[in-house]
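Trainee: The structure that follows is given in the form of structure tokens.
The values are calculated or read from the model by the stated rules, or taken from the named source; none is laboratory data. Quick caveat, the model's predicted, so the values are computed rather than measured. Cβ: placed from backbone, ideal geometry, glycine included. Neighbour counts: every protein chain shown. The accessibility values were calculated without ligands, DNA or RNA, using every heavy atom of the protein model including side chains. Shrake-Rupley method; radii C 1.70, N 1.55, O 1.52, S 1.80 Å.
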Amino acid sequence: MQKASFVTLTLARFDTLREVGSLTDDGHKQLFSVVAPDTRAAGTAGKSKSAYKFCAVALHRDKESAAAYYEDRASIFNWLGDAKEVWSALLRPVRHVGEVNYLDREHPGLIYDCPAEAVPAGPLVVLTTAGFNQEGDWLERATAFSVGVTAVRVGMTGMPGLHSQQSFLMDGPDGLTVTLWKDFASVRDFAYGPGVHKDHLVRQKAGEFADRTSFTRCVVERSEGVWHGSIPFA
């Protein structure tokens, strides 16, 4: 399975509850792409496609294809013109651990080919995923996990170095959370410091929650736009 080495990410926020279209036939050759809603923040049903915030994410083999996709995003996502806020970024993964089903639904695994930069410089976007095999007690575990995600999101409010946090649900691909951070130290202190996130990591490792999870730290190569009222990483 060929892995990705770059990610393009676009976040969009609308003033009214709505659905957005899928990707247009853009002619690019990305490894994976999806548009997903933040239904938790909208208070809509988990399987609903209706929300205020949306994420468009694509995985790419190399920087050239990622850059071309990034430059062409306005035509790929032709619904962005109605958005109140839009922020887009070209990301380079520098640390990736865990299993994801984006590139192979039947055989989830590592999806990024990247060196492990222990202390990357500058701002970071952190992508985490969680997925469930729809068998046995998966629905109960998924519900408990969802409650945990909500608690973590509430607990993140006001964390030093955090610009924003959002989570997105998809029908098939593993769920995705996206957090924007000032630097590596801020990510480290939140992820491994005391509190609800650390407690839920312990429960995940004990097998109480998802069948698979991953986290990826990404360096911001390029970015443009406004999100949550300001320019991230300005």
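Trainee: Scan the range 80-92 and report the pairs whose first residue is over 15 Å from V226 (Cβ atoms) and whose second residue is polar (S, T, N, Q) and crowded, with 20+ Cβ neighbours inside 10 Å, with Cβ atoms within less than 8 Å and a gap of 6+ or a chain change.
Mentor: L90/T8; L90/S223; L91/T8
Trainee: Continuing with this model, one more query. Run V97 past the list (1) out of contact with any Asp or Glu (no Cβ under 9 Å at 6 or more places or on another chain); (2) open to solvent by less than 40 Å² (accessible area, probe 1.4 Å) and report the number of the one that doesn't hold.
Mentor: (2) is the only condition that V97 fails.
Trainee: For the range 147-190, name all the residues that are in contact (Cβ under 8 Å) with a residue 40 or more places away in the chain, of a type in the set (A, V, I, L, M) and in a strand (DSSP E or B).
Mentor: Hits for the range 147-190 are L176, V178, L180.
Trainee: Based on what the data block shows, is V94 touching a strand residue (DSSP E or B) at 6+ places or on another chain (Cβ under 7 Å), modelled with pLDDT under 80 and of a type in the set (A, V, I, L, M)?
Mentor: So V94 fails the test.
Trainee: What pairs can you find where one residue is in the range 205-234 and modelled with pLDDT under 90, the other is among the aromatic types (F, W, Y) and not in a loop (DSSP other than H, G, I, E, B), and their Cβ atoms are less than 7 Å apart, with a gap of 6+ or different chains?
Mentor: The qualifying pairs are F209/F145; A210/F145.
Trainee: A follow-up question, please. Within the range 120-131, does at least one residue satisfy the condition of being at pLDDT below 90 and touching a His at 6+ places or on another chain (Cβ under 6 Å)?
Mentor: Among the residues of the range 120-131, not one is at pLDDT below 90 and touching a His at 6+ places or on another chain (Cβ under 6 Å), which makes the answer no.
Trainee: Mind listing whichever residues of the range 100-113 are out of contact with any Asp or Glu (no Cβ under 8 Å at 6 or more places or on another chain), crowded, with 20+ Cβ neighbours inside 10 Å and not aromatic (F, W, Y)?
Mentor: Result: I111, single match.
Trainee: Hey, among V126, V100, which residue is more than 22 Å from G229 (Cβ to Cβ) and of a type in the set (A, V, I, L, M)?
Mentor: Exactly one of V126, V100 is more than 22 Å from G229 (Cβ to Cβ) and of a type in the set (A, V, I, L, M), namely V100.
Trainee: List the pairs whose first member sits in the range 17-33 and is surrounded by 12 or more Cβ atoms within 10 Å (Cβ to Cβ), whose second member is modelled with pLDDT under 65 and not small (G, A, S), and whose Cβ atoms are under 8 Å apart, counting only residues at least 6 apart or on separate chains?
Mentor: S33/L23
Trainee: In the range 152-203, which residue that is at pLDDT below 90 and among the charged types (D, E, K, R) is most open to solvent (accessible area, probe 1.4 Å)?
Mentor: D171
Trainee: Under 8 Å by Cβ, and 6 or more places apart or on different chains, what pairs join a residue from the range 53-65 that is under 15 Å from V100 (Cβ atoms) with one that is open to solvent by 60 Å² or more (accessible area, probe 1.4 Å) and of a type in the set (A, V, I, L, M)?
Mentor: Close Cβ pairs (under 8 Å, with a partner that is open to solvent by 60 Å² or more (accessible area, probe 1.4 Å) and of a type in the set (A, V, I, L, M)) do not exist here.
Trainee: Looking only at residues that are surrounded by 11 or more Cβ atoms within 10 Å (Cβ to Cβ) and not hydrophobic (A, V, I, L, M, F, W, C) in the range 132-151, which one is modelled with the lowest pLDDT?
Mentor: G148
Trainee: Can you tell me which condition A67 does not meet? The list is (1) within 17 Å of W227 (Cβ to Cβ); (2) touching a Lys or Arg at 6+ places or on another chain (Cβ under 9 Å), and all the others hold.
Mentor: Failed condition: (1).
Trainee: Which pairs have Cβ atoms under 9 Å, sit 6 or more apart or on different chains, and link a residue in the range 1-13 that is more than 12 Å from S65 (Cβ to Cβ) to one that is of a type in the set (F, W, Y) and part of a loop (DSSP other than H, G, I, E, B)?
Mentor: Close Cβ pairs (under 9 Å, with a partner that is of a type in the set (F, W, Y) and part of a loop (DSSP other than H, G, I, E, B)) amount to T10/F77; A12/F77; A12/W79.
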